[in-house]
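The values are calculated or read from the model by the stated rules, or taken from the named source; none is laboratory data. These numbers come from a predicted model, not from an experiment. Because the Cβ atoms are built from the backbone with ideal geometry, glycine has one as well, and the counts that use them run over all protein chains shown. Accessible surface areas use protein heavy atoms only, side chains included; no ligands, DNA or RNA. Shrake-Rupley method; radii C 1.70, N 1.55, O 1.52, S 1.80 Å.
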Amino acid sequence: MENDTEKKEGQEEQSGSSSLVQKIQALGQTNVPQSPDSNIHVLSIIGQIEGHIQLPPQNKTTKYEHLLPQLIAIEQNPKIEGVIILLNTVGGDVEAGLALSEMISSLSKPTVSIVLGGGHSIGVPIAVSTDYSFIVPTATMTIHPVRLTGLVIGVPQTFEYLDKMQDRVINFVVNHSHIKEEKFKDLMFAKGNLTRDIGTNVVGTDAVEYGLIDEVGGVKEAMEKLNELIGDANDTGQEEVIQ
């Protein structure tokens, strides 16, 4: 009996030490703060947005086919009352980014985005797709025209396709933010702001001044705003039930 007890204790110690090692390997620390059961879901869009072509393994990527089912699950889950989108992206696949933007904007639940570090290129439509958007003071957003990589067929139809794709991005951003179309196009086609490229790098407060983002702020402001939106949504729901 003593041998069996010793064996069990040894196995427990091994499993405990192995889980501790796994935590250190994955997170770099032993004690990780646990969030309580919350009515708010946090969705992170980090690195490059991966579309139909798989990117190299060393790239930090957000696979859009992983996020689309999550957004459906969020919409169906009655326990989730609001969503925060954390954005630190260099951009990526245009159609994948637009798909995410359309999904986020069509959620019935209140949504708030925070641009951290960068919300570049196709990250701009994702940032403005929420009900309310924040940007930290040091974050930047690069606005530039759509471009293609790889083999391009040099025919007029290719350029027409690019132009139409660009219009889709412009229309989405203009319809989901307070920026004027003329101003957004001016920023997109500006010369001299980016090295060997056209476009504009917009920093925190400038993004708010242009009407692209609603407010400068971070986690605290975003949580306060989302809780406010959740409260408004609950009040509206109660009024409908009473009627």
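If I ask for residues that are free of Cβ contacts under 8 Å to residues at least 60 places away in the same chain and in a helix (DSSP H, G or I), which ones from the stretch 114-142 would you list?
The one that is free of Cβ contacts under 8 Å to residues at least 60 places away in the same chain and in a helix (DSSP H, G or I): P125.
Run down I170, I179 and say which single residue is open to solvent by less than 70 Å² (accessible area, probe 1.4 Å), under 24 Å from K191 (Cβ atoms) and outside any helix (DSSP H, G or I).
The match here is I179.
Mind checking which pairs have a first residue in the stretch 32-54 that is over 21 Å from E75 (Cα atoms) and a second that is modelled with pLDDT under 75, Cβ under 9 Å, 6 or more apart or different chains?
V32/K23; I53/G150
If the Cβ limit is 8 Å and pairs must be 6+ apart or interchain, which residue in the stretch 71-88 that is under 26 Å from H120 (Cβ atoms) pairs with which residue that is among the charged types (D, E, K, R)?
Hits for this filter: I74/K109; G82/K109; V83/K109.
Is at least one residue of the stretch 100-113 touching a Gly at 6+ places or on another chain (Cβ under 7 Å), charged (D, E, K, R) and assigned to a loop (DSSP other than H, G, I, E, B)?
Yes, the stretch 100-113 contains a residue that is touching a Gly at 6+ places or on another chain (Cβ under 7 Å), charged (D, E, K, R) and assigned to a loop (DSSP other than H, G, I, E, B).
Any idea how many residues of the stretch 147-162 are exposed (fewer than 11 other Cβ atoms within 10 Å of the Cβ) and either touching a residue at least 40 places away in the same chain (Cβ under 8 Å) or not β-branched (V, I, T) (or both)?
6
What tally of residues in the stretch 100-117 results from selecting those that are open to solvent by 10 Å² or more (accessible area, probe 1.4 Å), within 15 Å of I46 (Cβ to Cβ) and not small (G, A, S)?
Qualifying residue count for the region: 1.
Report the residue count in the stretch 188-210 for those that are open to solvent by 10 Å² or more (accessible area, probe 1.4 Å) and either farther than 20 Å from H120 by Cβ or not polar (S, T, N, Q) (or both).
Counting residues in the stretch 188-210 that are open to solvent by 10 Å² or more (accessible area, probe 1.4 Å) and either farther than 20 Å from H120 by Cβ or not polar (S, T, N, Q) (or both) gives 13.
Given the residues V174, V155, V216, which is the only one that is over 23 Å from A99 (Cβ atoms), of a type in the set (V, I, T) and modelled with pLDDT of 90 or more?
Only one candidate passes the filter, namely V216.
May I ask you to verify whether N77 is within 21 Å of I230 (Cα to Cα) and of a type outside the set (G, A, S)?
yes
Within the stretch 69-99, which residues are open to solvent by 50 Å² or more (accessible area, probe 1.4 Å), in a strand (DSSP E or B) and either modelled with pLDDT under 90 or closer than 20 Å to D37 by Cβ (or both)?
The one that is open to solvent by 50 Å² or more (accessible area, probe 1.4 Å), in a strand (DSSP E or B) and either modelled with pLDDT under 90 or closer than 20 Å to D37 by Cβ (or both): V90.
Hey, any hits in the stretch 216-239 for a residue that's in a helix (DSSP H, G or I), in contact with a helix residue (DSSP H, G or I) (Cβ under 6 Å, 6 or more places away or on another chain) and open to solvent by 60 Å² or more (accessible area, probe 1.4 Å)?
Looking for residues that are in a helix (DSSP H, G or I), in contact with a helix residue (DSSP H, G or I) (Cβ under 6 Å, 6 or more places away or on another chain) and open to solvent by 60 Å² or more (accessible area, probe 1.4 Å), one finds none in the stretch 216-239, hence no.
Just checking, which of H120, H66 is crowded, with 20+ Cβ neighbours inside 10 Å and at pLDDT below 90?
H120
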